[in-house]
Amino acid sequence: MNSGTPVSGAAPSASTPVHTAAQALQFTAAPDLFEGPAGVLPGATTALEGPAEVGEVGIAVPGLIVLDVSWSMAEDLAGAAAALERFRSRLRQNGMTSSNAYLGIVTFADTARTDLQLTLVADPSVQMPAIEARGQGTNFHAAFTEVLAAYRAALPELAVTADGRRRQTFRPSVFFVSDGEHNTGHDWRAPLAELRSRSWKPNVFAFGYRDADPATIRTIADEGLAYFARQGEDPDTMFETILNVILRSMVSATVTANGQAGNPTAPTMVPVVDPSIDPATAGMALIDPIGPTVD
């Protein structure tokens, strides 16, 4: 990943980590995360063969995959669904992440909807929704409006276990994927700004390919978290890379969150991709507990 083109993301706020550089990242065939003894992910203790570990869970690290399903994506969605299943299988190789990472799926075309509520997506008993093309256009406004509504509804529920105990919830993430430009609906910058204005300000990743405008993807993403496919890259390879980035992010986030839960003075900024794997990665995610009130 190395476009060689400096970019700038959204202006950092007081709660936004300062990045060491601002660089647009291109997809490349990154080294397999699952090489090595027993195929264990970084931070893992055991390679799981069965269901995700779902015992007593004290923390939650949430993320929403926000996927463009307009008709221009029609031929790519089967590959995306297959890559998502491989992602779930690999997620189970890390007991800490599989038992603390809550992921959901928002799809959008001219309208948006939440197809999968935040859940322990690594658990094989969780049935994934069908991902199919629909609609008459591409509406980023609808996508960000749905993400805001989904998080405001789900985060308070995530903070309480089934038996009424409190679960420590950490800063969520948004993983936005599109192959094109917003072409219907209201200005999308307003709901994105509102999403960023919440006290639980999420880490925002954006992945673009085909006809997506790099400048738009940079505007959507937090600084250093904008990714671009190479011209003509095979969609199956691209989705595999996207989900590897999401996986690395969730592994880093859950390891950091566990450290924070035990020691509130522990560092909260973590690299999304290990620099030893990909030196071009500049983005940093801020992983800290959110407050009990979700505004």
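The values are calculated or read from the model by the stated rules, or taken from the named source; none is laboratory data. All values derive from a computational prediction rather than experimental measurement. Glycine gets a Cβ as well: all are built from the backbone with ideal geometry, and neighbour counts include every protein chain shown. Protein only, heavy atoms only, side chains kept; ligands, DNA and RNA dropped before computing areas. Shrake-Rupley method; radii C 1.70, N 1.55, O 1.52, S 1.80 Å.
Under the classification rounded if a/c is under 1.5, otherwise prolate if a/b is larger than b/c and oblate if not, where does segment 151-224 fall, given a ≥ b ≥ c as square roots of the Cα gyration tensor eigenvalues? Prolate shape, in that a/c is at least 1.5 and a/b is the bigger ratio.
With the whole protein complex present, LEU247 retains an accessible surface near 0 Å², based on a 1.4 Å probe. With a Förster radius of 25 Å applied to the C-beta separation of ALA266 and VAL160, the computed FRET efficiency comes to 0.55. MET73 contributes about 0 Å² of solvent-accessible surface, heavy atoms of the protein only, 1.4 Å probe.
Each residue was assigned an accessible area with a 1.4 Å probe, and for GLU157 the value is about 140 Å². The shape of segment 181-247 comes out oblate: with a ≥ b ≥ c from the C-alpha gyration tensor, a/c is at least 1.5 while a/b does not beat b/c. Estimated translational diffusion coefficient (Stokes-Einstein, Kirkwood radius over Cα pairs, 10 °C, 1.306 mPa s) of segment 74-155: 115 µm² per second.
Net length available on complete extension from ASP213 to ARG189 is 7.2 nm, with 0.36 nm assigned per residue and the Cα-Cα distance removed.
Most simply put, segment 142-245 has about 10% antiparallel DSSP beta bridges, counting only bridges with both residues inside it. Relative protection proxy for 166-173, 120-127, from highest mean packing down: 166-173, 120-127 (other beta-carbon atoms within 10 angstrom). For segment 76-217, the spread of Cα coordinates along the three principal axes comes to 45, 34, 24 Å, biggest extent given first.
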